[in-house]
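The structure appears right after this line, and notes come after that.
The values are calculated or read from the model by the stated rules, or taken from the named source; none is laboratory data. Keep in mind it's a predicted model, so treat the numbers as computed, not measured. Virtual Cβ from ideal backbone geometry, glycine too; neighbours counted across all protein chains shown.
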Amino acid sequence: MSNITSREEILKKVRNAAMQQAANPYSKVALDKSIYPKMSDDLEVIFAEELNHIGGHFVYCETIDELKENLFRFISAQNTDKLITFDPAIIKLLESINIYIEPKIDNYSEIEASITRCEALVARLGSAMVSSKQITGRILNFIPDTHIVIASREEIVATVKEAIILIDKKYEGDFPSMTTLITGPSRTADIEKTLVMGAHGPRSLIVFLMESDFLK
């Protein structure tokens with residue numbers, strides 16, 4: 001009768017397996033190369049198409065006057081006085097079109113719409129990448145039903161990897177403690193397989209793309 005226990009038998013097999021050198025079938029795979037096919041259109045066109053496809057809205061503004069006009073039309077149509085941003089440049093922009101925002105609020109649950117900038121726009125996903133290092137912080141990206149993002153063409157990149165490189169360069173290696181991709185209106189189907197929009201974030205995402213950064 002063998003005195004070898006089941007545990008010893010298993011450990012013996014593990015040791016034997018560890019001694020055998022298996023060839024790596026993926027040793028020649030170039031892990032640093034892109035997995036995506038080359039894009040056939042401009043990044044801003046691809047971003048607009050992807051964002052619209054997932055239920056977001058895209059507005060292109062070639063001049064500062066177009067940005068002001070489009071913002072005024074959209075915000076006026078929202079018919080809300082619960083709009084907020086903490087960004088001084090955006091506040092100044094809105095004041096120039098007679099839209100005034102109280103930069104402080106006591107009850108964040110009352111916010112209906114927010115306006116922020118972003119760290120990058122990811123064309124392949126139609127997503128806006130935001131971070132905790134932005135002036136507007138984390139709150140305005142998740143609580144309001146309507147999230148307005150103002151971005152410039154220089155912030156559009158093709159992939160998430162390029163967005164992370166852009167952020168790392170911007171903050172000189174002091175990477176934000178939180179980065180998040182906002183991909184259209186939030187949605188979930190966890191409950192009874194029923195799609196719910198805005199369950200844990202904005203119900204509406206609108207991106208105003210500037211030809212150049214008019215907020216500098």
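Some values worked out for this structure:
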{"read-out": "Pick from the range 75-97, criterion in contact (Cβ under 8 Å) with a residue 24 or more places away in the chain and part of a loop (DSSP other than H, G, I, E, B), ranking: nearest to Asp213 (Cα to Cα)", "value": "Asp87"}
{"read-out": "Number of positions in the range 112-144 that are among the hydrophobic types (A, V, I, L, M, F, W, C), part of a loop (DSSP other than H, G, I, E, B) and over 8 Å from the mean Cα position of the chain (by Cα)", "value": "5"}
{"read-out": "Inter-residue pairs, beta-carbon under 6 Å, first farther than 14 Å from Thr183 by Cβ and in the range 109-123, second outside any strand (DSSP E or B) and among the aliphatic types (A, V, I, L, M), 6+ apart", "value": "Ile111/Ile143; Ser114/Leu140; Ile115/Ile90; Thr116/Leu140; Glu119/Ile167"}
{"read-out": "Residues of the range 76-96 that turn out to be at pLDDT 90 or above and in contact with a helix residue (DSSP H, G or I) (Cβ under 8 Å, 6 or more places away or on another chain), as a count", "value": "3"}
{"read-out": "Positions within the range 65-74 being free of Cβ contacts under 8 Å to residues at least 40 places away in the same chain and either loosely packed, with under 12 Cβ neighbours inside 10 Å or under 21 Å from Ser204 (Cα atoms) (or both), in sequence order", "value": "Asp65, Lys68, Glu69, Phe72, Arg73"}
{"read-out": "Answer residue from the range 122-143, given it is in contact with a Lys or Arg (Cβ under 9 Å, 6 or more places away or on another chain) and under 22 Å from Ala48 (Cα atoms) and is surrounded by the fewest Cβ atoms within 10 Å (Cβ to Cβ) among those", "value": "Ser131"}
{"read-out": "Test: Ile148 is within 21 Å of Leu215 (Cβ to Cβ), part of a strand (DSSP E or B) and under 22 Å from the mean Cα position of the chain (by Cα)", "value": "yes"}
{"read-out": "Matching residues, the range 56-88, being of a type in the set (Gly, Ala, Ser) and closer than 23 Å to Ser127 by Cα", "value": "Gly56"}
{"read-out": "Total residues in the range 11-59, condition in a loop (DSSP other than H, G, I, E, B) and in contact (Cβ under 8 Å) with a residue 24 or more places away in the chain", "value": "6"}
{"read-out": "Pairs with Cβ under 7 Å, 6+ apart, first in the range 142-165 and over 11 Å from Ala128 (Cα atoms) and touching a residue at least 24 places away in the same chain (Cβ under 8 Å), second charged (D, E, K, R) and part of a helix (DSSP H, G or I)", "value": "Arg153/Glu44"}
{"read-out": "Check on Ser109, of a type outside the set (Lys, Arg), farther than 30 Å from Tyr36 by Cα, part of a strand (DSSP E or B) and under 23 Å from the mean Cα position of the chain (by Cα)", "value": "no"}
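Residues checked against (1) at pLDDT below 75; (2) surrounded by 14 or more Cβ atoms within 10 Å (Cβ to Cβ); (3) among the basic types (Lys, Arg):
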{"position": "Met1", "(1), (2), (3)": "yes, no, no"}
{"position": "Ile4", "(1), (2), (3)": "yes, no, no"}
{"position": "Glu8", "(1), (2), (3)": "no, no, no"}
{"position": "Arg15", "(1), (2), (3)": "no, no, yes"}
{"position": "Ser34", "(1), (2), (3)": "yes, no, no"}
{"position": "Lys38", "(1), (2), (3)": "no, no, yes"}
{"position": "Leu43", "(1), (2), (3)": "no, yes, no"}
{"position": "Glu50", "(1), (2), (3)": "no, yes, no"}
{"position": "Thr63", "(1), (2), (3)": "no, no, no"}
